[in-house]
1. Residue by residue through A:37-48, how many Cβ atoms from other chains fall within 10 Å of the Cβ on average?
2. With the convex hull built on the Cα atoms of chain A, state its orientation-averaged projected area in nm².
3. Is there a simple number for the mean count of other chain Cβ atoms within 10 Å of the Cβ of residues in B:32-45, and what is it?
4. Which of A:Thr108, B:Thr78, A:Thr4 has the fewest other C-beta atoms within 10 Å, and how do the rest follow up to the most?
5. Provide B:Ser50, B:Ser90, B:Ser77, A:Ser23 in ascending order of the number of other Cβ atoms located within 10 Å of each residue's Cβ, fewest first.
6. Give me the one-decimal Kirkwood hydrodynamic radius in Å for segment B:11-83, with the sum taken over alpha-carbon pairs.
7. Just tell me which lysines come within less than 22 Å, Cα to Cα, of B:Lys20; anything on the same chain fewer than 8 places away is out.
8. How about segment A:41-86: which trypsin sites (Lys or Arg not before Pro) there lie in a loop by DSSP and see at most 16 other Cβ atoms within 10 Å?
Amino acid sequence: LAKTTQPISMDSYEGQEVNITCSHNNIATNDYITWYQQFPSQGPRFIIQGYKTKVTNEVASLFIPADRKSSTLSLPRVSLSDTAVYYCLVALSSNDYKLSFGAGTTVTVRA
Amino acid sequence: GAVVSQHPSWVICKSGTSVKIECRSLDFQATTMFWYRQFPKQSLMLMATSNEGSKATYEQGVEKDKFLINHASLTLSTLTVTSAHPEDSSFYICSARDLAGGGNEQFFGPGTRLTVL
């Protein structure tokens, strides 16, 4: 399983854009990059997934450079309710889709 | 997205007793489900992979005789913590992948808080 590295914490204010960069230098050809959000005492919630270039949904955007050794989750105009832990994971399409969670990034949004 | 439920959401038990936690995929089938454990202020740790109709596979360091996993149907996996002790107190979370959904994302349950007195 590819190891990921992301900042431990980030602070932001309401209405700002938050960008979290994740390094995954050992990502394999078949690996997908997936981001999850977790609130205290809840299970992780899927945010977005991508393989290359840019992916956008109603919640976030995911930017993946050509070498795929890193990715950036972009949360536009955050609100207080976006305060959570964000996990970057890579999952091999084989190997039962096992996920290995790193420490995650604690994002704190202030008023 | 697909929905995964867990029951109970929390449980308190005495040391030495066994506790069963259920994980259900409500609107999809899952031949594979995963069980995680999360201690306070820590990340999720994968405990085991639950395979429908076959034995579960456990991660290194996880005692298979203590954490019994049964995956009897395509929508239900159970985790039984046997002879629970206070150090087993944790947040247990399951996940499943929607086979027919076509995507690669896993859907997580809401978690079960286990407290062993």
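Values in this text are rule-based calculations from the coordinates and carry no lab data. This one's a predicted model, so the numbers in the text were calculated from it and none came from an experiment. Note: ideal-geometry Cβ built from the backbone for every residue, glycine included; neighbour counts use all protein chains shown.
1. Numbers: counts 0, 6, 0, 3, 8, 6, 16, 10, 4, 8, 1, 1.
That average works out to 5.
2. Values: hull surface 26.1 nm².
Seen from a random direction, the Cα hull of chain A projects 6.5 nm² on average.
3. Working: counts 3, 0, 4, 0, 4, 0, 5, 0, 2, 3, 3, 8, 11, 2.
Mean inter-chain Cβ contacts per residue within 10 Å come to 3.
4. A:Thr108, B:Thr78, A:Thr4
5. Values: B:Ser50 27, B:Ser90 21, B:Ser77 30, A:Ser23 14.
Going from sparsest to densest Cβ surroundings: A:Ser23, B:Ser90, B:Ser50, B:Ser77.
6. On the way: mean 1/r = 0.0772 Å⁻¹.
For segment B:11-83, the Kirkwood estimate is 13.0 Å.
7. Filter leaves B:Lys55, B:Lys64, B:Lys66.
8. Values: sites: A:Arg45, A:Lys52, A:Lys54, A:Arg68, A:Lys69, A:Arg77; in loops: A:Lys52, A:Arg68, A:Lys69, A:Arg77.
Answer by residue number: A:Lys52, A:Lys69, A:Arg77.
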